[in-house]
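Participant: Here you go, one structure.
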Ligand code: NAP
């Protein structure tokens with residue numbers, strides 16, 4: 001066994017992981033949170049809220065709160081009750097053994113760096129990005145990946161949504177509540193979205209479509225001012241003036257560590273039992289966006305982090321009997 005045995009380890013430190021940390025710390029389980037470390041591929045301790053600016057829909061903050069501040073406050077709250085944090089990335093887990101084994105460095109080493117009686121996975125998900133010039137600079141400054149979170153900031157503005165799937169069409173339709181005009185920019189001439197959602201969008205007078213079009217650059221120095229577009233058939237390049245842009249080309253759950261180790265659905269998300277956070281391996285719980293491709297909100301992630309903490313606490317208690 002490794003020299004760092006924990007009753008409970010939480011992998012991931014977004015709203016789900018930090019809420020699980022607050023609850024398990026207050027249950028005197030001394031959780032260790034392996035919070036991840038920044039990487040060039042967008043990994044981030046604190047999760048997706050670290051990439052946002054103002055958060056106005058997290059209950060309890062009538063004047064809004066900055067995403068990074070919300071995460072710093074949640075972390076401080078967990079630390080106050082005894083949670084400890086390790087700013088490292090998990091590189092391997094072995095869930096076939098009890099206690100579970102966890103590596104945070106060279107995965108080829110024989111011995112794990114940590115072992116845990118129970119494990120809470122809250123590694124989150126990432127929005128797929130376009131990887132074009134201007135995107136990183138303007139994220140949170142007119143460029144968003146979440147209409148529910150940020151739509152309100154675009155009242156009477158001319159905006160665009162990139163993508164042709166259900167997410168893009170749902171977001172475009174939702175955004176017409178606020179925006180004066182929503183252009184759906186799609187790389188083909190046919191949507192992938194379900195027919196009923198397509199119909200709704202086509203009937204909405206505020207939505208128009210730019211077909212066969214790829215965004216090649218997001219323009220603007222401190223906030224979005226437009227995009228450069230290339231027609232995928234004619235290769236003609238044009239510019240479209242905009243005050244905001246939403247990228248809705250899919251999400252990738254951060255589950256690569258758990259493939260072949262946990263039951264994972266067709267979209268790559270960890271399967272949990274209905275109404276709780278148990279995975280198919282006893283003692284392993286999953287919460288937040290890594291197991292939720294529907295709601296994807298900070299508050300729902302926090303709620304499921306609370307559920308995972310309670311589920312884990314009960315499971316650990318039952319092991320003693
Ligand atoms: P999706 O179905 O994979 O669609 C992604 C869209 O983005 C596609 O239209 C794709 O174009 C486009 N795209 C991908 N990479 C791109 C790139 N690099 N540049 C430009 N465009 C790109 O993803 P999703 O819409 O997020 O949906 C994921 C799943 O959740 C689906 O099963 C969906 O049905 C479900 N969902 C359901 C609802 C609902 O029922 N209310 C709402 C949201 C999502 P192509 O079409 O050319 O591939």
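The values are calculated or read from the model by the stated rules, or taken from the named source; none is laboratory data. Treat the numbers as computed from the prediction; the structure is a model and nothing was measured. Every residue, glycine among them, receives a Cβ derived from its backbone with ideal geometry; neighbour counts consider all protein chains shown.
Participant: Inspect all residues belonging to the stretch 124-134 and state whether any of them is without any contact (Cβ under 8 Å) to a residue 40 or more places away in the chain and not in a strand (DSSP E or B).
Facilitator: Yes, there is a match, as at least one residue in the stretch 124-134 is without any contact (Cβ under 8 Å) to a residue 40 or more places away in the chain and not in a strand (DSSP E or B).
Participant: Additional query: Which of the residues belonging to the stretch 66-95 are in contact with a helix residue (DSSP H, G or I) (Cβ under 8 Å, 6 or more places away or on another chain) and in a strand (DSSP E or B)?
Facilitator: 85, 92, 93
Participant: Could you give every pair whose Cβ atoms fall below 7 Å, whose first residue belongs to the stretch 2-28 and is at pLDDT below 95, and whose second residue is part of a loop (DSSP other than H, G, I, E, B), counting only separations of at least 6 or pairs across chains?
Facilitator: If the second residue must be part of a loop (DSSP other than H, G, I, E, B), the pairs left are 2/111; 2/112; 2/113; 4/113.
Participant: Let me ask something else. Considering each residue of the stretch 136-185, count those that are surrounded by fewer than 19 Cβ atoms within 10 Å (Cβ to Cβ), within 11 Å of the ligand (Cβ to nearest atom) and outside any loop (DSSP other than H, G, I, E, B), and give that number.
Facilitator: Count: 2.
Participant: Determine if the stretch 112-127 includes at least one residue that is farther than 15 Å from residue 13 by Cβ and within 16 Å of the ligand (Cβ to nearest atom). It would help to see each step written out before you state the result.
Facilitator: Here is the first cut: in the stretch 112-127, the residues farther than 15 Å from residue 13 by Cβ are 112-118, 127.
After this cut, where a residue has to be within 16 Å of the ligand (Cβ to nearest atom) as well, the list is 127.
Looking for residues that are farther than 15 Å from residue 13 by Cβ and within 16 Å of the ligand (Cβ to nearest atom), one finds at least one in the stretch 112-127, hence yes.
Participant: Tally the residues that are within 16 Å of the ligand (Cβ to nearest atom), farther than 29 Å from residue 319 by Cβ and in contact (Cβ under 8 Å) with a residue 40 or more places away in the chain, restricting the search to the stretch 283-308. Spell out the reasoning first.
Facilitator: The first filter runs over the stretch 283-308 and keeps only residues within 16 Å of the ligand (Cβ to nearest atom), leaving 289-297, 300.
Subset that is farther than 29 Å from residue 319 by Cβ: 293-297.
Filter once more, keeping what is in contact (Cβ under 8 Å) with a residue 40 or more places away in the chain: 293, 296-297.
Residues flagged as within 16 Å of the ligand (Cβ to nearest atom), farther than 29 Å from residue 319 by Cβ and in contact (Cβ under 8 Å) with a residue 40 or more places away in the chain within the stretch 283-308 amount to 3.
Participant: Also, quick follow-up: Just a yes or no: is a residue in the stretch 91-98 under 20 Å from the mean Cα position of the chain (by Cα) and over 23 Å from residue 279 (Cβ atoms)? Can you show your working first?
Facilitator: Start the filter on the stretch 91-98 by keeping residues that are under 20 Å from the mean Cα position of the chain (by Cα), which leaves 91.
In the following step, the residues that additionally are over 23 Å from residue 279 (Cβ atoms) were identified as none.
So far as the stretch 91-98 goes, no, none of its residues is under 20 Å from the mean Cα position of the chain (by Cα) and over 23 Å from residue 279 (Cβ atoms).
Participant: In the stretch 186-214, what count of residues is obtained for those that are touching a helix residue (DSSP H, G or I) at 6+ places or on another chain (Cβ under 8 Å) and part of a loop (DSSP other than H, G, I, E, B)?
Facilitator: The number of residues fulfilling the criteria is 6.
Participant: If I ask for residues that are over 16 Å from the mean Cα position of the chain (by Cα) and either modelled with pLDDT of 95 or more or crowded, with 21+ Cβ neighbours inside 10 Å (or both), which ones from the stretch 42-61 would you list?
Facilitator: Result: 59, 60, 61.
Matching residues to (1) at positive phi; (2) in a loop (DSSP other than H, G, I, E, B); (3) away from the ligand (no atom under 13 Å from the Cβ):
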residue: 216; (1), (2), (3): no, no, no
residue: 227; (1), (2), (3): no, no, no
residue: 246; (1), (2), (3): no, no, no
residue: 249; (1), (2), (3): no, yes, no
residue: 257; (1), (2), (3): no, no, yes
residue: 272; (1), (2), (3): no, yes, yes
residue: 281; (1), (2), (3): no, yes, yes
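Participant: On to the next question. Within the stretch 95-107, does at least one residue satisfy the condition of being surrounded by fewer than 17 Cβ atoms within 10 Å (Cβ to Cβ), at pLDDT below 95 and within 15 Å of the ligand (Cβ to nearest atom)?
Facilitator: No, every residue in the stretch 95-107 fails to be surrounded by fewer than 17 Cβ atoms within 10 Å (Cβ to Cβ), at pLDDT below 95 and within 15 Å of the ligand (Cβ to nearest atom).
Participant: Further question: Is it the case that the stretch 229-236 has a residue that's part of a strand (DSSP E or B) and under 20 Å from residue 153 (Cα atoms)? First the steps, then the outcome.
Facilitator: First, pick out the residues of the stretch 229-236 that are part of a strand (DSSP E or B): 229-231.
Next cut, under 20 Å from residue 153 (Cα atoms) only: none.
No, the stretch 229-236 has no match at all.
Participant: For the stretch 216-228, which residues satisfy the criterion of being closer than 22 Å to residue 170 by Cβ and out of contact with any helix residue (DSSP H, G or I) (no Cβ under 9 Å at 6 or more places or on another chain)?
Facilitator: 227
Participant: Out of (1) touching a residue at least 40 places away in the same chain (Cβ under 8 Å); (2) within 27 Å of residue 35 (Cβ to Cβ), what's the single condition that is false for residue 248?
Facilitator: (2) is the only condition that residue 248 fails.
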